Amino acid sequence: MIFNLEEEKGSADTAATAKEDCKAVERILEELNEKMKLTDVKRVGAKSENKTRPMIATLSSRENLLTLLKKAKDLRQTDNFHNVYIGPDRTFEERESRRKTLESLKRLRSENTDKQYVLRKGLIECL
């Protein structure tokens, strides 16, 4: 999933807009110095003037996906894509579970400033 990647305003979803989205994802890959084959790129959700829809980009292999997710944080240092975020595609239940876990993590961090808590494989760990 790719979040906050600008899309064309005012036009409906067509082959031309899909092509532009594909080019934008390819520019992100270039920025991360990766050459990966995209099999599909599509926007999800209803189009709105005041909101950017997330995008699902399908890669050719799971290894490519894992490599891209590891490098996703490097986008913050780029000039063109500093506000674009990449994350795994999660189901509604996974998103809800993660949201609750992150709330617990924030609460633990604020209550126990002398300890360091991290999230690993969906579980909160104290270091």
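The values are calculated or read from the model by the stated rules, or taken from the named source; none is laboratory data. Keep in mind it's a predicted model, so treat the numbers as computed, not measured. Positions of Cβ are generated from backbone atoms using ideal geometry, with glycine treated the same way; all protein chains shown enter the neighbour counts. Side chains included, ligands, DNA and RNA excluded: accessible areas come from the protein's heavy atoms. Shrake-Rupley method; radii C 1.70, N 1.55, O 1.52, S 1.80 Å.
Observations on the model:
- Lone qualifier among LYS73, LYS51 - being at pLDDT 90 or above, closer than 21 Å to ARG90 by Cβ and of a type in the set (Lys, Arg): LYS73
- Number of residues in the stretch 77-87 that are open to solvent by 100 Å² or more (accessible area, probe 1.4 Å) and either among the acidic types (Asp, Glu) or out of contact with any Lys or Arg (no Cβ under 8 Å at 6 or more places or on another chain) (or both): the value is 3.
- Residue in the stretch 101-111 that is open to solvent by less than 40 Å² (accessible area, probe 1.4 Å), within 16 Å of ILE2 (Cα to Cα) and of a type outside the set (Lys, Arg) present: no
- Residue within the stretch 88-99 that is touching a helix residue (DSSP H, G or I) at 6+ places or on another chain (Cβ under 9 Å), open to solvent by less than 40 Å² (accessible area, probe 1.4 Å) and within 30 Å of VAL25 (Cα to Cα) present: no
- Qualifying position, being of a type in the set (Ser, Thr, Tyr) and surrounded by 12 or more Cβ atoms within 10 Å (Cβ to Cβ), among THR14, THR67: THR67
- Those residues of the stretch 112-127 which are open to solvent by less than 80 Å² (accessible area, probe 1.4 Å) and more than 30 Å from LEU59 (Cα to Cα), in sequence order: ASN112, TYR117, GLU125, CYS126
- Scanning the stretch 17-53 for residues that are of a type in the set (A, V, I, L, M, F, W, C) and either loosely packed, with under 11 Cβ neighbours inside 10 Å or out of contact with any helix residue (DSSP H, G or I) (no Cβ under 8 Å at 6 or more places or on another chain) (or both) gives ALA18, CYS22, ALA24, VAL25, VAL44, ALA46.
- Any hit, the stretch 106-115, residues being within 27 Å of LEU29 (Cα to Cα) and either more than 12 Å from the chain's Cα centre (by Cα) or modelled with pLDDT of 90 or more (or both): no
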